[in-house]
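*Asks:* Have a look at the structure that comes next, please.
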Amino acid sequence: MTIAARSVLWLGALGLVLAACRPRPSSVPLGGTHEEELPVAKAAGSAGPGAGENKPPDAEAAAAAARADEIPVAAPVAAEASKEPLKPAAPGAFQVKPYAAHQTWTRSSDLEFALKVGPGGTIDMKMVSHQETRFEVLSVNGGAIDKLQIDYPIYKSTMTIMGASQDSPEELAGKRFVITFAQGKPDVRDGSGGKPPQKQVDSVKDDAREPLEIEKALKELSLLAAKGQGDFTGPGAVSLAGGEDEDTKVSRAKAKLLRLSTGSHDEKLALLELGYTLTNELEDKVTIEVQVSGTQTVADAPARYQTSTLQGPMELRSAEPGGMQGRGTVKITTSYRY
């Protein structure tokens, strides 16, 4: 997820729908590889080196949370982070290994939001999106990724407006891209070596940046794990979210190592508490703000992301008088297979 990268895709899709729903001027304006399924926790995340549906809160609660000065932080849900029995673990572990050629992992991402727009929130909008993204390191140079392949075997979204549902086509679905890093800058090509459309390039660049951001976050986690707990730095918290992109900004970020545990196979698990505020400026002068919080699990041997879920209120604000306004909730769930 990256959180920011996936948010810009999904919020961008929302922006297109909102633009299509814009009323006429005479109308009242609307306010090695191991493919094992991992358990889904109430926690957002990304893949690392080495490798129930919740009802949205009522409108008043969402509005109050959206206006809160502090990032909302959900209560820990360690019991849901793993179905296996856990026991406390001593500080340490979570060592980060450099990326290696032919290393692969698959990220599974799900997003759902419910939004009410228009006078009195009379128009109901919902979106459900599922994405499977496969990463493969093709070559490395000095421990850093030199060439990366990203496939999108599954990417589908469904938008529902006032009870009427329609599938939303996703440009990346079924496509493969190869990214070469020249002096740290990604050059994106399609599977046949051609230059993809700029919209696809921008989206793939966001995902291509994810492995580096993950490496940064896991290195900071290894330092905190040596102490057994502690808060991430601001940049470290942003790296946990996959970093910022040009469109979606992380205006607030908070992350904390809550505790270390040992699973039934003697693997160490880290439970992290997360909170973010994301903002996206759409071309029609509408700002989408999302405040999400939750938890994330990270497994050691070697250090790698497992599962995460972030959820919270979202708000639409227009810079123009009488522009589109709206409030709702969003939930982002991510898991990884190695």
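The values are calculated or read from the model by the stated rules, or taken from the named source; none is laboratory data. Only a predicted model underlies this, so the values are computations on that prediction, with no experimental measurement involved. Because the Cβ atoms are built from the backbone with ideal geometry, glycine has one as well, and the counts that use them run over all protein chains shown.
*Asks:* Which numbered condition in (1) part of a strand (DSSP E or B); (2) modelled with pLDDT under 90 is the only one that L272 fails?
*Replies:* Going through the list (1) part of a strand (DSSP E or B); (2) modelled with pLDDT under 90, L272 breaks only (2).
*Asks:* Another question about this same structure. Go through (1) in contact with a Pro (Cβ under 8 Å, 6 or more places away or on another chain); (2) not in a helix (DSSP H, G or I) and name the single condition G243 misses.
*Replies:* Here G243 clears every test but (1).
*Asks:* Of these, R337, R304, which one is surrounded by 24 or more Cβ atoms within 10 Å (Cβ to Cβ) and either out of contact with any strand residue (DSSP E or B) (no Cβ under 6 Å at 6 or more places or on another chain) or of a type in the set (D, E, K, R) (or both)?
*Replies:* Going through R337, R304 in turn, the sole match is R304.
*Asks:* Which condition number does L272 fail, the rest of (1) buried (at least 23 other Cβ atoms within 10 Å of the Cβ); (2) more than 22 Å from Y305 (Cα to Cα) being met?
*Replies:* Of everything listed in (1) buried (at least 23 other Cβ atoms within 10 Å of the Cβ); (2) more than 22 Å from Y305 (Cα to Cα), L272 misses just condition (2).
*Asks:* Continuing with the same structure: May I ask you to verify whether K55 is modelled with pLDDT of 50 or more, of a type in the set (D, E, K, R) and surrounded by fewer than 20 Cβ atoms within 10 Å (Cβ to Cβ)?
*Replies:* no
*Asks:* Take the conditions surrounded by 19 or more Cβ atoms within 10 Å (Cβ to Cβ) and either among the β-branched types (V, I, T) or closer than 28 Å to A93 by Cα (or both) and apply them to L221. Does it pass?
*Replies:* Against the criterion (surrounded by 19 or more Cβ atoms within 10 Å (Cβ to Cβ) and either among the β-branched types (V, I, T) or closer than 28 Å to A93 by Cα (or both)), L221 qualifies.
*Asks:* Out of all the residues in segment 307-326, which are surrounded by 22 or more Cβ atoms within 10 Å (Cβ to Cβ) and either assigned to a strand (DSSP E or B) or among the aromatic types (F, W, Y) (or both)?
*Replies:* Selection gives T307, S308, T309, L310, Q311, G312, P313, M314, L316, G326.
*Asks:* Ok, one more. Does segment 200-210 contain at least one residue that is aliphatic (A, V, I, L, M), more than 27 Å from Q149 (Cβ to Cβ) and part of a helix (DSSP H, G or I)?
*Replies:* The answer is no; no qualifying residue exists.
*Asks:* Then there's this: Return the total of residues in segment 182-196 being surrounded by 10 or more Cβ atoms within 10 Å (Cβ to Cβ) and within 23 Å of the chain's Cα centre (by Cα).
*Replies:* 3
*Asks:* I would also like to ask the following. Quick one: how many residues across segment 186-228 are farther than 13 Å from G243 by Cβ and of a type in the set (D, E)?
*Replies:* Residues flagged as farther than 13 Å from G243 by Cβ and of a type in the set (D, E) within segment 186-228 amount to 4.
*Asks:* Quick one: in segment 239-253, of everything that is over 24 Å from K147 (Cα atoms) and among the aliphatic types (A, V, I, L, M), which residue is surrounded by the most Cβ atoms within 10 Å (Cβ to Cβ)?
*Replies:* A253
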